[in-house]
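K.L.:
One structure is given below, represented as structure tokens, and several questions about it will come after.
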């Protein structure tokens with residue numbers, strides 16, 4: 001079974017990486033899908049930079065690939081023969097945000113969403129919070145994979 005882990009991943013965190021690798025142990029193939037418009041630079045990293053960073057930090061997992069998409073997620077899943085979405089949940093707020101999207105995706109295409117609970121050691125980590133800490137010179141080591149820490153530091157240098 002082929003699954004997709006969609007998100008903006010700006011930047012990819014240790015929590016994201018944990019979800020990707022755990023999903024890869026349950027599915028034959030996992031596509032980490034950067035969802036953004038590549039022609040519209042918004043965020044810290046471009047779509048291409050995000051994809052490159054994700055490839056670097058998932059290189060040790062052979063059944064993970066990386067792609068991007070700028071349209072409806074269900075269109076991507078239909079075009080690529082994907083039968084499952086995987087989303088990580090940190091809190092009940094994440095669940096409340098993700099549930100209607102999962103239900104809409106199921107209504108539109110019949111695709112199921114699988115929720116993985118975030119490992120408690122990563123439950124407080126978000127891309128936005130990591131960027132805020134790094135922007136003001138704080139240490140994000142351990143919150144982001146090392147290549148991402150270096151890339152974030154370079155962006156804010």
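Readers should treat all values here as calculations from the given coordinates under stated rules, not as data from a laboratory. The shown structure was predicted, so the numbers you read here are calculated from the model rather than taken from an experiment. Counting neighbours? That spans all protein chains shown, and the Cβs are built from the backbone with ideal geometry, glycine included.
K.L.:
I need to check one value: relative contact order of the range 7-99, counting alpha carbon pairs closer than 8 Å and at least 6 residues apart, in percent.
P.N.:
With pairs under 8 Å counted, the relative contact order is 31 percent.
K.L.:
Follow-up. Scale the Cα Rg of the range 1-63 by the rule-of-thumb value 2.2 N^0.38 Å and send over the ratio, two decimals.
P.N.:
Normalised Cα radius of gyration, the range 1-63: 1.10.
K.L.:
Which order do 155, 131 fall in if you start with the one that has the fewest other Cβ atoms within 10 Å?
P.N.:
Final ranking by Cβ density, sparse to dense: 155, 131.
K.L.:
Under the definition of Cα pairs under 8 Å and six or more residues apart, what whole-number percent is the relative contact order of the chain?
P.N.:
After rounding, I find 30 percent.
K.L.:
Tell me what the chain gives for mean residue ellipticity at 222 nm when only DSSP H runs of n ≥ 4 count, each as -39,500 (n - 2.57), the sum divided by the residue total, rounded to 500 deg cm²/dmol.
P.N.:
Roughly -13000 deg cm²/dmol at 222 nm, from the helical runs in the chain.
K.L.:
Here is a further query. Between the range 19-89 and the range 120-156, what's the alpha-carbon centroid distance in Å?
P.N.:
Distance between centres, Cα-based: 20 Å.
K.L.:
Arranged by the count of other C-beta atoms within 10 angstrom, fewest first, what order do 9, 115, 136 take?
P.N.:
Ascending number of Cβ neighbours within 10 Å: 136, 115, 9.
K.L.:
What is the fewest-to-most order of 76, 156 by other Cβ atoms lying within 10 Å of their Cβ?
P.N.:
Starting with the residue having the fewest Cβ neighbours, the order is 156, 76.
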